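Visitor: Let me give you the structure first, and then I'll get to my questions.
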Amino acid sequence: MIKGSTRARTYRAIYRLLDRVSPVPFDCGMICGAACCTAIGEEDMGIYLLPGEEKIHDRHADWLTWNTQSTDEYFFPESWHGNVHWVRCNEPPHCPREMRPIQCRTFPLSPHLTEDDELIMVWNDDELPYLCPMIEDEVELDPDFIRATHTVWKHLIRDPLIYDLVKADSQVRTEGAVAVTGEEIGDADEWIEI
């Protein structure tokens, strides 16, 4: 397993902070049938845990299925050597919300490092096997959620492995990625300031 420098207590604090915010003031899964949690056809929905995030999860809990995948077989930064944890919810969309992985909690945003190494939050532009109405319609997100998500990622990228992941994702992000302000990322004046 790859070993990050983020401690379990840091992950617990991050989870507590993100427990207090939500992208919108209602359960966004109600508008799309929880598309981000639910398998579509043969698609096996799951998520990679960040390095060290597994420290606060119980591998014997019945709500998650754990798999190990090699960083050599998937697109991970060159600094990532070994295996990563990939988890899948067994009864989507019914999971213990307080234990959702960070990348579930901060969706529909993604961290992005600019050419000047400034951290900004952008709409998640990953190729997804579903459409997220919040992304498609660029729904106005709760400012507290945006701030909390930015704060979380600011702490997380102190871990060199997570920094490398965010940097690599930022480098491959398409020119058409859209910042939370709704503007294209091309101009620094249009990035969200937090």
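The values are calculated or read from the model by the stated rules, or taken from the named source; none is laboratory data. Everything numeric in this text was worked out from a predicted model, so none of it was measured. Positions of Cβ are backbone-derived with ideal geometry, glycine not excepted, and every protein chain shown enters the neighbour counts. The accessibility values were calculated without ligands, DNA or RNA, using every heavy atom of the protein model including side chains. Shrake-Rupley method; radii C 1.70, N 1.55, O 1.52, S 1.80 Å.
Visitor: Before I look further, what does region 29-168 give for accessible area per residue, probe 1.4 Å, in whole square angstrom?
Guide: The answer is 52 Å² per residue.
Visitor: In addition: Just subtract the alpha-carbon distance of H155 and D19 from 0.36 nm times their residue separation and send over the number in nm, one decimal.
Guide: Additional length available on full extension: 47.3 nm.
Visitor: Mind ranking 94-102, 56-64 by how tightly packed they are, going by the mean number of other C-beta atoms within 10 angstrom, highest first?
Guide: 94-102, 56-64
Visitor: Summing Lys, Arg as +1 and Asp, Glu as -1, what charge do residues with Cβ under 14 Å from the Cβ of K3 carry, K3 excluded?
Guide: Here the count lands on -2.
Visitor: Here is a further query. For region 58-179, calculate the relative contact order in percent as a whole number, restricting contacts to Cα pairs under 8 Å that are 6 or more residues apart.
Guide: Relative contact order, region 58-179: 24 percent.
Visitor: Take I2 and K167, extend 7 Å from each Cα along the Cα→Cβ direction, and tell me the distance between the two endpoints in nm.
Guide: Each label point is offset 7 Å from its Cα along the Cβ direction, giving 1.3 nm.
Visitor: Evaluate the charge dipole of region 91-161 about its Cα centre and quote only its size in Debye, nearest 20, assuming +1 on the Cβ of each Lys and Arg and -1 on the Cβ of each Asp and Glu.
Guide: In total the dipole reaches around 480 debye.
Visitor: Right, something else. In nm, give the distance between the simple-model label positions of C104 and M45, each being 7 Å from the Cα along the Cα-to-Cβ direction.
Guide: 1.0
Visitor: Each label point is 7 Å from the Cα along the Cα-to-Cβ direction; what then is the distance between the points at D117 and W63, in nm?
Guide: Between D117 and W63, the simple spin-label model gives 3.8 nm.
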